[in-house]
Every structure is written in C-alpha cells, then in structure tokens.
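Peer 1: Dumping the structure here so I can ask a few things about it.
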Amino acid sequence: MTFSKENFKNQFISNVRTLSRQTVENATKEQLYEALAFTIRDYVTDKWLKTHETYDKEGVKIVCYLSMEFLMGRFLGNAILNMSIYDEVKEVLSELNIDYNTIENVEKDPGLGNGGLGRLAACFLDSLSTMELPAYGCGIRYHYGIFEQKIENGYQVELPDNWLENGDIWGVKRHEYAQEIKFGGTVRAVKQPDGRYKFIQENYESIMAVPYDYPVVGYDNNTVNTLRLWDAYAKEAFDLQSFNAGDYTKAVANQNIAKTLTEVLYPADEHYAGKELRLRQQYFFVSATIQRIVSKYKKKFGNDLSKFHEKYALQLNDTHPSIAVAELMRVLIDENDMEWDEAWEITKKCCAYTNHTIMSEALEKWPIELFSRLLPRIYMIVEEINKRFCEMLINRYGHDANKIRNMAVVADGQIRMAYLAIVGSHSVNGVAALHTEILKSQELKDFYEVYPDRFNNKTNGITQRRWLGHANPALSSLITDTIGDGWYKDLSELKKLDKYAEDKEFCKKFMQVKSENKKKLADYFKQTKGIDIDPNSIFDIQVKRLHEYKRQLLNIFHVMSLYNKLKVFPGLDIVPRTFIFGAKSAAGYSRAKLIIKLINSVAELVNNDESIEGKIKVVFAENYRVSLAELLIPAADVSEQISTASKEASGTGNMKFMLNGAVTIGTLDGANVEMAQELDNEGIFIFGMKANEVIEEQNKNTYNPWDVYNFSSDVRGVMNMLINGTLDPNTELFREIYDACLNGYNGSRADQYYVLKDFESYCKAQQDIEQTYRNKELWAKMAVHNTACSGKFSSDRTIKEYADEIWKLTPKHIEI
Ligand code: 26V
C-alpha cells in the first residue's frame with residue numbers, strides 16, 4: 001500500500017467510523033488518536049511483513065539486542081516522521097479541523113526503562129532500522145513502566161504508570177511463538193550409553209512466555225525491524241491436579257507468579273538489590289529469546305547448530321541479560337546434544353557485553369543460594385564455566401589465590417554477572433572513550449590483562465530523527481533549508497553549518513527558533529504549574545535521573561549562592577536565569593528524594609521573594625520522561641552535565657542538548673570529553689576535577705571539605721542556609737545533606753562526590769557563561785557551533801561501529 005494523501009484521508013475517516021462509531025467532527029481526541037494510529041499502522045504493516053519475509057528468504061545474520069529496558073517514547077509521531085509523511089498527515093488533519101499535536105499528546109509514553117541505558121536501546125533500534133540492519137530488540141512487556149512522578153509539598157510521590165490502560169495499538173501478540181520457561185525443581189543426571197550425562201530438570205514450575213511484537217520503522221526506507229517484548233502467562237489457568245487434591249495455594253501459585261513476573265519495571269537504576277523477582281525477569285526473557293532463535297534457526301537451517309553464530313549475534317545491554325551465556329550453553333548441550341567445547345566456542349562467538357556503569361552499587365552479584373534454587377541447571381553450568389576459567393587462570397598465574405578469588409565468576413557465596421558476561425563473550429565494550437579507559441585500567445584491569453583483544457570502545461550516540469527531526473521541527477526546517485536534508489541519514493552533514501556560525505542572518509534565525517521553543521516551554525510551565533518564567537532569561541537545564549554522582553546538588557548550591565548574593569546586593573546586575581530541573585529518584589533512595597525536596601524548597605523561596613525582582617527562578621519539571629525531554633531540550637540555552645569526573649559512563653542527554661544548540665557546562669567526564677574535542681573547546685565550559693584527579697583523591701583519602709568551608713564564604717553561606725531555617729521551619733530537614741557534605745554520613749566519606757571541592761570552579765564557569773551570554777552574537781555563534789559539531793554523536797555512527805566490529809552484520813535492503 002503506497003501512501004497518498006487521498007487514500008490516507010479516506011482510511012482515517014473510515015477508521016474513526018468503524019472503531020468508535022463516530023463522525024470525525026464528534027469524535028473525542030482519544031478516538032481520533034486511535035483511528036490515526038490504526039491508519040498509520042496499516043502502512044507500517046506492509047513494510048514489516050516484507051522485511052521479515054526478506055530476512056527469512058535470504059537467511060541473513062540477525063542481531064538480538066537483549067535489554068531489560070527499552071525507553072521508546074511515543075510510537076505514533078516517530079512512525080510518521082520516519083515514513084516521511086509528517087507534512088501530509090498534518091495537512092489532512094488540518095483539513096479536517098484537527099490539531100495534530102493535540103492528537104499526538106493522547107498517546108501514553110511507554111516508559112519501559114529507567115534512564116540512559118533504556119533510552120540508548122531505543123535510539124539503537126531506530127538506527128538499526130534506518131541503516132537496514134537486521135535486528136530484534138528483545139525485552140520484557142512490563143505492565144507498569146517507570147512510575148509517574150508527582151510533586152506534593154515539594155516531595156516526590158510515585159504513582160503507578162499503567163501505560164496499557166487504553167489498549168496496546170502497536171503491539172501484536174504472537175501466541176504461535178510462545179515458549180515454556182522453567183524455574184526451580186531439581187536436576188537428575190542420567191548416564192547415557194556413550195558414557196555422557198544427560199541433565200534433566202524435574203519438578204519445576206512452568207511459566208509461558210508469549211511475545212508481543214512492536215514495529216521499529218526505519219527512516220525513508222522499507223525496513224521495519226521488531227521490538228519483541230515477552231509477557232508471562234500461567235501454563236494452565238489452574239493446576240487441576242493440585243486443585244483436586246485440595247492444595248488451593250499451589251493451584252493458583254503459578255498464576256500468581258505469572259502475574260507478578262512482568263508486572264513492573266524495577267525503578268532503582270544503578271542500584272542492585274538482589275531481588276528474586278528481578279532474577280526471574282532476567283532469566284524469563286533471556287530464555288524465551290534464546291529458545292525461540294534456536295528453534296527458528298533449526299527450522300531454517302536444519303538441526304546442525306555448529307554455524308549458529310554465523311546467523312545470530314547477541315548484544316548484552318549491561319549485565320542484566322548476561323545469564324544468556326549460560327542459557328545458550330544449556331540449550332546447545334542439554335537440548336541439542338552438543339559437546340561442551342563446541343558449545344562454548346559458539347556461545348563466545350555469539351555474545352558480546354556492554355558495560356554501562358562503574359558505580360559499584362550497580363554491580364549485579366546473585367547469592368548462590370537464590371540462584372541455584374531458582375535456576376538449578378543454569379547454576380551447574382555457571383559452576384562449570386567458573387571451574388574451567390579458574391583452571392585457565394591457574395595455568396597462567398600459578399596458584400595465586402588472591403588473583404583467582406578476585407577474578408572468579410563464583411566466589412564469596414555469589415555469582416558475579418559482569419565476570420560471567422566477560423568470560424562468555426568475544427567483546428566487552430565501554431560507552432565512551434574515557435569510560436573504556438577506566439574499565440581497562442581500573443575496574444576490569446585483571447580481565448583486560450587476560451583478554452586484551454576483547455576490550456573495545458563504542459561511544460554512545462542518539463538518533464537525530466527523534467531528537468532533532470521530531471523534537472525540534474522548526475530547527476530541522478531551518479537546517480534543511482540551509483544545507484539540505486542529508487543530515488537525517490548522515491549527521492556529519494551538520495558540519496556544513498559551521499560556516500554559518502559566522503553568518504549573522506543565519507544566527508538570527510537560529511536564535512529565533514530557540515526563542516520560540518523557549519516560549520513554548522514557558523507556556524507549558526504556565527499551564528501545568530501556574531508559574532511565570534521569562535523567555536528572555538537564560539534557560540539553564542539539568543534533566544536526568546537523580547543521583548548523587550550526577551550532582552544536582554552542585555547546581556542547586558550555585559543557585560543558593562546566587563540568591564544569597566542578590567540578598568546582599570539587591571542591585572546586582574546579573575542576566576536573568578531560569579534554572580530548570582527534571583529528575584526521578586528511585587523510590588527507596590532517600591538521599592535523592594531529599595535533594596528533590598531541597599530543589600523545591602529553594603524554588604519556593606526564590607520564586608516568591610520579590611526583593612530579587614525575578615532575576616532568578618527555579619522550576620522543577622514534574623515527571624521527566626521522553627515526551628517531556630522533547631519539549632525541554634530544544635528550549636535549552638545551557639545544558640548541565642556536571643557529574644563527578646569518572647562516574648558518568650557516557651551520558652546521552654549531553655548529546656541531545658548539543659544537537660539542539662545548547663551550550664554545555666560540564667566536567668571532563670563520559671562523552672563530554674569527546675564533545676569538547678569535537679567542539680575544539682569552543683562553546684563548552686569545562687570545570688572541576690579531572691577523572692584521574694578524582695581517582696587519585698579517592699585512593700589517597702586526604703581531602704577534608706572543612707578546608708573548603710573555612711576558605712569560602714560562599715560555601716559557608718550555602719551550608720548555613722541548609723540548617724538555619726531559611727528554607728524550612730524545620731531546621732533539621734536538610735541536616736543530612738549538610739552532614740553528608742561536611743562530616744560524612746552513615747559510613748560514607750564527607751563530600752564523597754566532591755561537590756564542595758568543585759564548587760568554586762563551577763561558579764567561575766557559570767560566570768563565564770553569563771558574560772558570554774551578554775554578547776548575543778558570540779552566544780549565537782557558539783550555539784550554532786554546537787549543532788554543527790554534533791555529527792559524531794549520532795547513534796548511526798555508533799551502530800555502524802557495533803555492526804562492523806562486533807556483530808559482523810551487513811545491511812539488507814528491503815525491496816517493495
Ligand atoms: C542497574 C539496575 C540495578 C538493579 C535495579 C534496576 C537497574 C536498572 C539499571 C541499572 C544500570 C544502569 C546503568 C545505566 O543506566 N548506565 C547509563 O548508561 C547510559 C547509556 O550507556 C550512559 O549514557 C550513562 O552514563 C550511564 O549512567
């Protein structure tokens with residue numbers, strides 16, 4: 001079915017009629033959304049079928065991107081943009097007196113991820129389809145995504161996010177591919193005539209995994225790949241045997257497990273908690289994926305699995321799916337009679353592991369007790385992997401007990417999932433150059449020594465289709481009018497804009513777009529929060545998960561010190577600024593929640609103090625999510641990327657802001673380092689300790705924040721404000737933050753993320769920014785320069801590197 005405006009219009013009108021028995025004039029916006037989504041889905045379906053038909057017929061190699069999280073954002077707008085029918089759809093709707101944006105906003109934002117890692121997976125899928133690379137995203141169909149955040153009295157309150165409430169228009173349920181997943185029970189070894197053992201899992205409980213497929217539409221081509229999310233169902237609604245025997249509890253137990261398994265996404269990002277349900281989720285989707293691809297392979301290529309790795313690559317998005325190493329071994333050995341050594345070679349050739357954090361709290365280590373009880377056969381395989389790995393180490397290093405204990409996959413009563421992933425993969429990558437270097441020289445030093453060839457870097461990227469094309473249509477048009485539309489598929493084209501940084505006319509237009517985007521955001525805050533912000537003020541934005549290492553505290557301390565200055569010198573000539581924060585905190589992370597309260601208390605104080613004449617304002621944007629990011633990022637003048645150096649593996653928000661012409665204030669951390677390089681240090685304001693200084697300081701442990709306190713009256717002012725009743729009548733409310741900064745709290749070091757240590761340097765960089773902003777021409781030049789230099793940070797570039805160097809995957813053009 002080819003697209004024509006006329007056909008589209010008729011189909012849309014007819015869908016409104018059949019789906020909701022309404023005329024277009026009388027239909028609600030929800031009904032209109034549904035009809036529009038169905039209409040678009042029809043166009044997608046043709047390409048989708050053709051894509052898979054081609055993959056099947058030609059037996060191409062496919063990558064499975066295994067991830068616990070896919071933070072896709074809304075489907076409709078993205079599909080329309082990628083099919084290049086945005087203008088036509090908008091026109092048809094306006095002919096029918098329908099405002100496209102109102103309809104688009106009806107769609108619930110599928111928040112099946114926490115933050116950077118989940119959004120990266122979504123950007124990767126977009127790039128894979130656009131570059132015509134055969135791929136599946138494989139994950140879990142959580143019924144509840146990341147919680148919806150409300151701010152009540154300055155505190156975060158979490159509400160369930162029932163994203164499926166109004167149906168699931170984009171998901172296609174595939175009963176025919178259901179897989180049985182086995183938990184628990186015992187393993188019986190049976191000696192076979194040839195002397196080998198066969199291992200049989202018995203008395204287990206079964207859960208059925210049923211996939212839902214979602215289309216991933218490539219830009220301006222016919223490729224539609226699949227995001228396959230597995231949902232859990234009880235094998236039999238009732239276990240009749242138990243029921244008849246009077247064991248009601250057991251009879252419904254399966255049902256309960258099935259219900260809870262895919263119920264909710266774990267919302268604690270970068271914090272490992274060792275919860276049984278989480279391990280169940282991991283094995284559930286990994287086992288379903290592997291069983292499915294092995295059986296599909298056999299159907300296509302026969303029962304000989306010796307070339308399996310030539311047809312499937314498995315990319316492990318962090319350690320969460322690293323159980324895949326053992327599950328693939330199990331399927332090859334137990335279910336297909338392969339010998340260990342051959343299975344091991346194939347497994348290593350299939351698997352590749354991406355590390356996304358060096359935060360030790362995030363390291364997954366499962367207790368043997370739990371792991372072996374839930375996955376008895378998988379545990380045996382992990383033990384065997386560990387035994388062979390340790391033997392290899394002994395061969396190499398002799399009986400160096402410390403070395404072996406430090407590196408073992410199973411030690412201290414735990415299974416270390418990162419080590420399992422490294423040992424069972426042919427590739428281990430970090431997500432920015434600095435991050436990979438830190439992995440090699442610190443966290444994974446021992447493994448780098450043993451497997452130097454496995455380690456490589458893949459600097460993250462973002463899709464320009466969503467983060468410029470869709471999020472910032474006005475800037476997209478300006479760019480396309482100036483240098484053509486090649487940037488949609490090749491972001492390095494933006495380099496051509498650099499010469500326009502000198503062109504006053506162009507810069508003026510560029511800043512006009514920014515100004516319009518700022519007005520739109522100001523309207524949003526007026527409508528949703530009733531707050532007035534000045535579109536002419538500097539929009540300074542920090543949006544990301546709330547975490548101490550990301551240092552939202554540093555930002556709000558700077559605001560507090562500015563406020564203190566304005567109180568002392570009311571006439572102080574500063575450029576008006578609006579500080580915008582957006583962040584969800586893990587529900588159980590009390591320090592992070594207190595920081596949210598602090599930001600809101602500062603906002604309350606500053607926004608209502610007439611004596612400072614509105615020179616600074618603070619806004620907490622509630623419920624930060626993909627769709628809100630699409631509104632916020634295009635409106636930013638200043639992008640805050642201020643993590644403690646060495647702690648942020650890459651960051652991807654930093655790239656989105658840069659692409660949209662914001663100027664960064666940041667540390668030399670994660671991908672900021674590479675951004676500064678691309679920019680030639682123009683239009684980026686770097687401050688603070690370097691990664692090696694942080695690491696050295698951590699080792700020395702001689703830093704005393706009281707020295708900073710005694711030296712700086714600004715710091716004293718801010719610290720006092722935390723406990724002197726200015727922010728809250730309860731003077732003890734923020735005592736914990738005060739103590740964490742100055743004295744250490746609950747066993748952690750004083751100022752462990754060096755907020756006070758970097759404070760002065762940060763304030764200096766903020767002053768530089770203000771001075772630069774006063775020079776409108778210089779500022780515009782820097783903004784344009786940022787967009788022009790952001791080409792490297794397309795996820796297309798990242799995916800090409802993965803495909804060429806790790807997956808050995810070639811594009812397959814889909815002909816219609
Ligand atoms: C860990 C856990 C532990 C158990 C509970 C749920 C949960 C969820 C996520 C994680 C790992 C989070 C790691 C992560 O998101 N890292 C981020 O990855 C981005 C993409 O590579 C990168 O840009 C960010 O710098 C990095 O923090």
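The values are calculated or read from the model by the stated rules, or taken from the named source; none is laboratory data. Model, not experiment: these values are computed from the prediction. Backbone-built Cβ (ideal geometry, glycine too); neighbour counts: all protein chains shown.
Peer 1: Would you tally the residues in region 547-556 being buried (at least 24 other Cβ atoms within 10 Å of the Cβ) and either part of a loop (DSSP other than H, G, I, E, B) or touching a Lys or Arg at 6+ places or on another chain (Cβ under 6 Å) (or both)?
Peer 2: Matching residues across region 547-556 total 3.
Peer 1: Here's another thing I want to ask about it. Report those helices (runs of 4 or more DSSP H) wholly inside region 323-423 carrying at least 3 residues which are within 16 Å of the ligand (Cβ to nearest atom), in contact with a Lys or Arg (Cβ under 7 Å, 6 or more places away or on another chain) and of a type in the set (Asp, Glu).
Peer 2: none
Peer 1: Another question, then. Within region 280-310, take every residue that is among the basic types (Lys, Arg) and over 27 Å from the mean Cα position of the chain (by Cα) and give me the one that is nearest to the ligand (Cβ to nearest atom).
Peer 2: Selected residue: 296.
Peer 1: Please work out if residue 698 is surrounded by fewer than 17 Cβ atoms within 10 Å (Cβ to Cβ), assigned to a helix (DSSP H, G or I) and under 27 Å from the mean Cα position of the chain (by Cα).
Peer 2: It is false that residue 698 is surrounded by fewer than 17 Cβ atoms within 10 Å (Cβ to Cβ), assigned to a helix (DSSP H, G or I) and under 27 Å from the mean Cα position of the chain (by Cα).
Peer 1: Kindly evaluate residue 314 against the criterion of being crowded, with 23+ Cβ neighbours inside 10 Å and without any contact (Cβ under 8 Å) to a residue 40 or more places away in the chain.
Peer 2: no
Peer 1: List pairs: first residue in region 258-279 and under 18 Å from residue 207 (Cα atoms) and free of Cβ contacts under 8 Å to residues at least 24 places away in the same chain, second residue within 6 Å of the ligand (Cβ to nearest atom) and in a loop (DSSP other than H, G, I, E, B) anywhere in the structure, Cβ distance under 9 angstrom, at least six positions apart or on different chains.
Peer 2: 277/266; 278/266; 278/272
Peer 1: Taking the condition among the aliphatic types (A, V, I, L, M), touching an Asp or Glu at 6+ places or on another chain (Cβ under 8 Å), on the phi < 0 side of the Ramachandran plot and buried (at least 20 other Cβ atoms within 10 Å of the Cβ), does residue 421 pass?
Peer 2: no
Peer 1: Can I ask one more? Mind listing whichever residues of region 617-638 are among the aliphatic types (A, V, I, L, M) and either under 21 Å from the mean Cα position of the chain (by Cα) or at pLDDT below 95 (or both)?
Peer 2: 621, 626, 628, 629, 631, 632, 633, 636, listed by residue number.
Peer 1: What number goes with the only condition from (1) surrounded by fewer than 22 Cβ atoms within 10 Å (Cβ to Cβ); (2) among the charged types (D, E, K, R); (3) within 16 Å of the ligand (Cβ to nearest atom) that residue 466 does not pass?
Peer 2: (1)
Peer 1: List pairs: first in region 408-433 and closer than 10 Å to residue 322 by Cα and in contact (Cβ under 8 Å) with a residue 24 or more places away in the chain, second assigned to a strand (DSSP E or B) and more than 16 Å from the ligand (Cβ to nearest atom), Cβ under 6 Å, 6+ apart or cross-chain?
Peer 2: Note: pairs meeting the criteria are 424/351; 425/351.
Peer 1: Test residue 493 against the criterion of being surrounded by 17 or more Cβ atoms within 10 Å (Cβ to Cβ), more than 16 Å from the ligand (Cβ to nearest atom), acidic (Asp, Glu) and part of a helix (DSSP H, G or I), and give yes or no.
Peer 2: When the stated conditions are applied, residue 493 passes them.
Peer 1: Among the residues of region 506-529, are any β-branched (Val, Ile, Thr), farther than 22 Å from residue 773 by Cα, surrounded by fewer than 21 Cβ atoms within 10 Å (Cβ to Cβ) and without any contact (Cβ under 8 Å) to a residue 60 or more places away in the chain?
Peer 2: The answer is no; no qualifying residue exists.
Peer 1: Another question, if that's okay. Looking at 758, 804, 768, which is the one that is charged (D, E, K, R), in contact with a strand residue (DSSP E or B) (Cβ under 7 Å, 6 or more places away or on another chain) and at pLDDT 95 or above?
Peer 2: Only one candidate passes the filter, namely 768.
Peer 1: Any idea which of 252, 210 is modelled with pLDDT of 85 or more and away from the ligand (no atom under 16 Å from the Cβ)?
Peer 2: 210 is the lone residue from the list that is modelled with pLDDT of 85 or more and away from the ligand (no atom under 16 Å from the Cβ).
Peer 1: Where in region 720-816 are the helices (runs of 4 or more DSSP H), entirely inside, with at least 2 residues that are in contact with a Pro (Cβ under 8 Å, 6 or more places away or on another chain)?
Peer 2: 735-742, 755-774
Peer 1: Looking at this structure, is residue 91 more than 16 Å from the ligand (Cβ to nearest atom), in contact (Cβ under 8 Å) with a residue 12 or more places away in the chain and part of a helix (DSSP H, G or I)?
Peer 2: For residue 91, the condition - more than 16 Å from the ligand (Cβ to nearest atom), in contact (Cβ under 8 Å) with a residue 12 or more places away in the chain and part of a helix (DSSP H, G or I) - is met.
Peer 1: Moving on. Taking the residues in region 109-140 that are within 30 Å of residue 546 (Cβ to Cβ) and of a type in the set (Asp, Glu) as candidates, determine which candidate is nearest to the ligand (Cβ to nearest atom).
Peer 2: 126
Peer 1: Inside region 435-452, can you point out the residues that are without any contact (Cβ under 8 Å) to a residue 24 or more places away in the chain and more than 16 Å from the ligand (Cβ to nearest atom)?
Peer 2: Residues satisfying the conditions are 440, 441, 445, 448, 449, 452.
Peer 1: Kindly check whether there is at least one residue in region 678-685 that is buried (at least 24 other Cβ atoms within 10 Å of the Cβ), within 24 Å of residue 443 (Cβ to Cβ) and more than 11 Å from the ligand (Cβ to nearest atom).
Peer 2: Checked region 678-685: no residue is buried (at least 24 other Cβ atoms within 10 Å of the Cβ), within 24 Å of residue 443 (Cβ to Cβ) and more than 11 Å from the ligand (Cβ to nearest atom).
Peer 1: Something else: Looking at 139, 167, which is the one that is small (Gly, Ala, Ser) and surrounded by fewer than 14 Cβ atoms within 10 Å (Cβ to Cβ)?
Peer 2: 167
Peer 1: Here is a further query. Between residues in region 115-141 that are under 14 Å from residue 68 (Cα atoms) and residues that are among the aromatic types (Phe, Trp, Tyr) and part of a helix (DSSP H, G or I), which pairs lie under 7 Å by C-beta distance while being six or more apart or on different chains?
Peer 2: Taking only residues 6 or more apart or on different chains, the pairs are 138/285; 139/285; 140/285.
Peer 1: Residue under question is residue 722, and the condition is that it be touching a His at 6+ places or on another chain (Cβ under 7 Å) and not charged (D, E, K, R); does it hold?
Peer 2: no
Peer 1: I would also like to ask the following. So residue 277 fits all but one of (1) within 16 Å of the ligand (Cβ to nearest atom); (2) outside any helix (DSSP H, G or I); (3) of a type outside the set (D, E, K, R); (4) more than 17 Å from residue 347 (Cβ to Cβ); what number is the exception?
Peer 2: (2)
Peer 1: Regarding region 54-77, can at least one residue be identified that is away from the ligand (no atom under 16 Å from the Cβ), assigned to a helix (DSSP H, G or I), of a type in the set (S, T, N, Q) and more than 20 Å from the chain's Cα centre (by Cα)?
Peer 2: Looking through region 54-77, at least one residue is away from the ligand (no atom under 16 Å from the Cβ), assigned to a helix (DSSP H, G or I), of a type in the set (S, T, N, Q) and more than 20 Å from the chain's Cα centre (by Cα).
Peer 1: When you scan region 588-602, do you find a residue that is among the aliphatic types (A, V, I, L, M), touching a Lys or Arg at 6+ places or on another chain (Cβ under 8 Å) and either at pLDDT 95 or above or under 27 Å from residue 438 (Cα atoms) (or both), even just one?
Peer 2: No, the conditions are met nowhere in region 588-602.
Peer 1: Would you mind telling me which numbered condition in (1) surrounded by fewer than 16 Cβ atoms within 10 Å (Cβ to Cβ); (2) touching a residue at least 12 places away in the same chain (Cβ under 8 Å) residue 157 fails?
Peer 2: For residue 157, the exception is condition (2).
Peer 1: Quick check on this structure: which one of 223, 186 is surrounded by fewer than 22 Cβ atoms within 10 Å (Cβ to Cβ), in contact with a helix residue (DSSP H, G or I) (Cβ under 8 Å, 6 or more places away or on another chain) and not aromatic (Phe, Trp, Tyr)?
Peer 2: The unique qualifying residue is 186.
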